Amino acid sequence: MEIIALNSEDNWLIHQAAEVLWMAFQPHWPAAWPDLEAAFEEVNEMVQPERICRVALHGDTVLGWVGGIPQYDGNVWELHPLAVHPEYQRQGVGRALVKDFEAQVKARGGLTITLGSDDEDEMTSLSGVDLFTNPWEHIAQIRNFKGHPYEFYQKLGYTITGVVPDANGRGKPDILMSKRV
C-alpha cells in the first residue's frame, strides 16, 4: 500500500475516491453523501491546495482516503472525511491513513487534530438522550452498541472532547474528538 497526495489533476483517482466515499458511508450514514455526485463534489472540495487530501493505493486502485481542513490559522486541522472501501475495511488502511494525516498536519505546523463522528442510528449510548443535561456524565459513560467509529479513533489516541447535541436531529449527536500531534 502506498499513500500519496490526491490533487485536482488526478481525475481517475478522484472518481475512485468518490466511489469509496459513497460506498463507505452508505451502511450507516447514507444522508452524508446520498449519491455519487455528492461524493464527487466532496472530493473536489478536498483537493483544494489549502487542504490535505491523501489516498491509499494498491497499484492504481484507491483503497481509501482522508481529508483535512485547516482551522485556527493552521494550529488545528479537522480530519474530514475518512473513508475506506468496504472490501478493505479492518485491514489497517484507515489506521495508515490517519497516521499519515497526522504526519502531514505536524509537517504543516499543526498542533491539534479534531473530528466529528455523528451518531444518527443509535449506535452509542449518547443517542436518544438529552445531552444538555450533564453532558460530561453521559460522555464518561459512553457505550458502543453497533460498531460506532469513536472506538477506532480512541485506539489511535483521540479523546472525546465534547458533543454537539441534536446535530443531526433530536437525540442524534455529533461526537467531537481531538488529538495533539
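The values are calculated or read from the model by the stated rules, or taken from the named source; none is laboratory data. Please read all numbers here as calculations on a predicted model, not as lab measurements. Cβ atoms come from the backbone with ideal geometry, glycine included; neighbour counts cover every protein chain shown.
Looking at the stretch 146-173 only, could you name the residues that are in contact with a His (Cβ under 9 Å, 6 or more places away or on another chain), on the phi < 0 side of the Ramachandran plot and exposed (fewer than 14 other Cβ atoms within 10 Å of the Cβ)?
If the condition is that a residue be in contact with a His (Cβ under 9 Å, 6 or more places away or on another chain), on the phi < 0 side of the Ramachandran plot and exposed (fewer than 14 other Cβ atoms within 10 Å of the Cβ), then Lys146 is the only one that fits.
So that you can scan it fast, the table gives a plain yes or no per residue for (1) out of contact with any Leu (no Cβ under 8 Å at 6 or more places or on another chain); (2) modelled with pLDDT of 95 or more; (3) not charged (D, E, K, R):
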{"position": "Glu2", "(1), (2), (3)": "no, yes, no"}
{"position": "His28", "(1), (2), (3)": "yes, no, yes"}
{"position": "Gly59", "(1), (2), (3)": "yes, yes, yes"}
{"position": "Val62", "(1), (2), (3)": "no, yes, yes"}
{"position": "Val66", "(1), (2), (3)": "no, yes, yes"}
{"position": "Asp73", "(1), (2), (3)": "yes, yes, no"}
{"position": "Trp77", "(1), (2), (3)": "yes, yes, yes"}
{"position": "Pro81", "(1), (2), (3)": "no, yes, yes"}
{"position": "Pro86", "(1), (2), (3)": "yes, yes, yes"}
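For the stretch 98-146, how many residues are small (Gly, Ala, Ser) and within 14 Å of Ile175 (Cβ to Cβ)?
Of the residues in that region, 6 qualify.
Considering only residues of the stretch 101-145 that are farther than 19 Å from Gln71 by Cα and of a type in the set (Asp, Glu), which is surrounded by the most Cβ atoms within 10 Å (Cβ to Cβ)? Before the answer, list the steps.
Here is the first cut: in the stretch 101-145, the ones farther than 19 Å from Gln71 by Cα are 118-145.
When the remaining residues are screened for being of a type in the set (Asp, Glu), the result is 118-122, 130, 137.
Working: Asp118: 20, Asp119: 28, Glu120: 18, Asp121: 15, Glu122: 14, Asp130: 12, Glu137: 9.
In this case the residue turns out to be Asp119.
Looking at the stretch 92-104, can you tell me whether even one residue there is over 22 Å from Ala18 (Cβ atoms), in contact with a Lys or Arg (Cβ under 6 Å, 6 or more places away or on another chain) and either of a type in the set (A, V, I, L, M) or modelled with pLDDT under 95 (or both)? Let's see the steps before the verdict.
Going residue by residue through the stretch 92-104, those that are over 22 Å from Ala18 (Cβ atoms) are 92, 95, 99, 102-103.
Okay, now just the ones that are also in contact with a Lys or Arg (Cβ under 6 Å, 6 or more places away or on another chain), so none.
Among the residues of the stretch 92-104, not one is over 22 Å from Ala18 (Cβ atoms), in contact with a Lys or Arg (Cβ under 6 Å, 6 or more places away or on another chain) and either of a type in the set (A, V, I, L, M) or modelled with pLDDT under 95 (or both), which makes the answer no.
Criterion first (at positive phi and of a type in the set (D, E, K, R)) does Arg90 satisfy it? Please lay out each step first, then the result.
Working: at positive phi: yes; of a type in the set (D, E, K, R): yes.
It is true that Arg90 is at positive phi and of a type in the set (D, E, K, R).
Has the stretch 80-87 got any residue that is surrounded by fewer than 18 Cβ atoms within 10 Å (Cβ to Cβ) and in contact (Cβ under 8 Å) with a residue 24 or more places away in the chain?
The first filter runs over the stretch 80-87 and keeps only residues surrounded by fewer than 18 Cβ atoms within 10 Å (Cβ to Cβ), leaving 80, 86-87.
Next, only the ones that are in contact (Cβ under 8 Å) with a residue 24 or more places away in the chain stay: 80, 86.
Yes, there is a match, as at least one residue in the stretch 80-87 is surrounded by fewer than 18 Cβ atoms within 10 Å (Cβ to Cβ) and in contact (Cβ under 8 Å) with a residue 24 or more places away in the chain.
Count, please, the residues in the stretch 62-95 that happen to be small (Gly, Ala, Ser) and farther than 26 Å from Trp12 by Cβ.
Taking the stretch 62-95 as the starting set, the residues that turn out to be small (Gly, Ala, Ser) are 64, 67-68, 74, 83, 92, 94.
Right, trim to farther than 26 Å from Trp12 by Cβ and you get 74.
Counting residues in the stretch 62-95 that are small (Gly, Ala, Ser) and farther than 26 Å from Trp12 by Cβ gives 1.
On the given criteria, is Gly68 touching a helix residue (DSSP H, G or I) at 6+ places or on another chain (Cβ under 8 Å), surrounded by 13 or more Cβ atoms within 10 Å (Cβ to Cβ), farther than 21 Å from Tyr88 by Cα and of a type outside the set (D, E, K, R)?
Numbers: touching a helix residue (DSSP H, G or I) at 6+ places or on another chain (Cβ under 8 Å): yes; surrounded by 13 or more Cβ atoms within 10 Å (Cβ to Cβ): yes; farther than 21 Å from Tyr88 by Cα: yes; of a type outside the set (D, E, K, R): yes.
It is true that Gly68 is touching a helix residue (DSSP H, G or I) at 6+ places or on another chain (Cβ under 8 Å), surrounded by 13 or more Cβ atoms within 10 Å (Cβ to Cβ), farther than 21 Å from Tyr88 by Cα and of a type outside the set (D, E, K, R).
Pull up the stretch 1-34, narrow it to residues that are in a helix (DSSP H, G or I) and of a type in the set (Phe, Trp, Tyr), then point me to the one that is nearest to Glu120 (Cα to Cα). Let's see the steps before the verdict.
Pass one, the stretch 1-34, residues in a helix (DSSP H, G or I): 11-25.
Those left that are additionally of a type in the set (Phe, Trp, Tyr): 12, 22, 25.
Values: Trp12: 32, Trp22: 17, Phe25: 12 Å.
Going through the qualifying residues, I end up with Phe25.
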